[in-house]
Amino acid sequence: MSETDFPQNMSLMDKFREHIRITPPRNRFKNISRIITFIQAFSQVYMALQYLIPYVFEAYDPWTIYYLKVFACYLFIMAAANWLCVMLYDTSVIKTKDQPFPNFTKTGTFPNYLQSDQYIQKRCNDAIEIEVEESGNRGDQNGNCLQEKDELSWKYCNLCDMQTPPRSHHCKICKVCILKRDHHCYLTGCCIGFKNQRYFIVMAFYVWVANFLSYFLTYVYLRDKFWPTASLTDATWPVAFYKTIVGDMFFHHTVLLVHLYVLTLFTPLGFVYFASQFTLISQGITPHELQKKIPIRNTLSIDKNFQSVFGDFWLINFLFPGQLLFRQRDDGFSWDGIKLMNMDKKSKTGIKLRTV
C-alpha cells in the first residue's frame, strides 16, 4: 500500500501509523536522523537568540547584539541550506541503455561516428594499449567501455546490474551506485558523492563554526546561571529531566545541558570532517581510494582539484551556495589528469583484474 491508497475516511493519526508500518526500517532510520538533526539545529539557534547572546553580550550596545543575532541567523541559514542541498541533489548513477564512451568527450553526448566500428578500430590502432571490456549480456546496461592502460576503468555492479563509471561505488545503505562516492552521511541520510560533496563541505564548515561559538556561549551561560546553584548530579540527563518535569529546574537550562553534551562531541568531529575533506580534495582522491590504497596518480594542480568539486571561484561557495553561478568542471564520468600508477594485478586464477 502506498500513501495515495489510504482510505479517505482514515484519520490523520491512522495514516501516520500506517505510514510508519509500511516504511522500510532503513528509510525510517534515515528520516529519524534527519528530524533529530533539524531539532538540534533549530533549538540551538533559538537558544542563542533568546538567551545566550543577550546575556553574554549584555554590556554591549543594542546594535552590537542585533548584528550578532543576524550573524547567528546567517550561520544557521547557510548550514541549513547546504544541508538541504546535500539531501536534494541526487548523486547516484542512473541506469540507462546508452552506449557511452567516457574517454571520447566531456559533454556527455556521443555522435554516431564515435560508435562506428571504423572509429573504434582507429582508436585502438592509435592508442598505446587499449583494452575493450566485454561483458556479454551485461553490456546492454550503460554500454561497453574503452580504457587506455593507465586510465580509470568502468566496472560492472552485480547489485545494480549495470556498468558503472570510474570512482563510483555501491552503497549498501542507499542500495545504489554513487558517482565518486565519498562516504555515507547519517546526519543527512544519504551518500556524499560527486554532485553534493561541495554542499557537504560547506555545511561541515558552518556546522563547525556554529558549534564552536555555541559551545563557548553555552558554557559561559551555564557557568554563571546554572552551576552556582546546581549540584553535580543536576548535570546528568535523567536528573535534569526529572527536575524539569517537577518544576525544580528551568526548561532552557535542561536544553542547554543537552546542547553542551552534543556540542562537546560534534564540535571537534565537525572540524575533523572539514579538515579531512579539504585535505583529500587538495590531493584529488576519495576516502575509498585512500582506504583501499588504490594507486591514484593525480597530475592536476590543487586549484584544479578544488574546481572539480566547487566549480570556478570556489571560495564563493563559502559565502552562499554557488551552484547556480559556477558549475563543476567535471561530469563525474571521465577524469582527465587522474590515472592509475599500476592498473592490473593478477588473481590466483591468472586472470587480470582491475584495481578500481
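The values are calculated or read from the model by the stated rules, or taken from the named source; none is laboratory data. Note that this is a predicted model, so its numbers are computed, not measured. Heads up, the Cβs are rebuilt from the backbone with ideal geometry, glycines too, and the neighbour counts pull from every protein chain shown.
Numerical summary
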quantity	calculated
Close pairs (9 angstrom Cβ cut-off, 6 or more residues apart or separate chains): under 21 Å from Ile77 (Cβ atoms) in the range 305-317, surrounded by 22 or more Cβ atoms within 10 Å (Cβ to Cβ) and among the hydroxyl-bearing types (Ser, Thr, Tyr) anywhere	Asn317/Tyr199
Residue count, the range 176-202 (criterion: surrounded by fewer than 21 Cβ atoms within 10 Å (Cβ to Cβ) and within 17 Å of Ile285 (Cβ to Cβ))	1
Residue pairs meeting the criteria (Cβ under 7 Å; at least 6 apart or on separate chains; first in the same structural domain as Val258 (by TED's automatic domain parsing) and free of Cβ contacts under 8 Å to residues at least 24 places away in the same chain, in the range 215-239; second buried (at least 17 other Cβ atoms within 10 Å of the Cβ) and of a type in the set (D, E, K, R))	Asp234/Lys243
Any hit, the range 263-272, residues being surrounded by fewer than 18 Cβ atoms within 10 Å (Cβ to Cβ) and either outside the structural domain of Ala80 (by TED's automatic domain parsing) or not in a helix (DSSP H, G or I) (or both)	no
Some residue of the range 197-213 being on the phi < 0 side of the Ramachandran plot, in contact (Cβ under 8 Å) with a residue 60 or more places away in the chain and in contact with a Cys (Cβ under 6 Å, 6 or more places away or on another chain)	yes
Breaking point among (1) outside the structural domain of Ile53 (by TED's automatic domain parsing); (2) free of Cβ contacts under 8 Å to residues at least 40 places away in the same chain; (3) out of contact with any strand residue (DSSP E or B) (no Cβ under 7 Å at 6 or more places or on another chain), for Lys180	(2)
The range 284-302, residues that are surrounded by 14 or more Cβ atoms within 10 Å (Cβ to Cβ) and part of a helix (DSSP H, G or I)	Pro287, His288, Glu289, Leu290
Complete set of residues in the range 216-236 that are of a type in the set (Asp, Glu) and surrounded by fewer than 15 Cβ atoms within 10 Å (Cβ to Cβ)	Asp224
Residue among Met47, Met10, Met87 that is hydrophobic (A, V, I, L, M, F, W, C), at pLDDT 70 or above and in contact with a His (Cβ under 8 Å, 6 or more places away or on another chain)	Met47
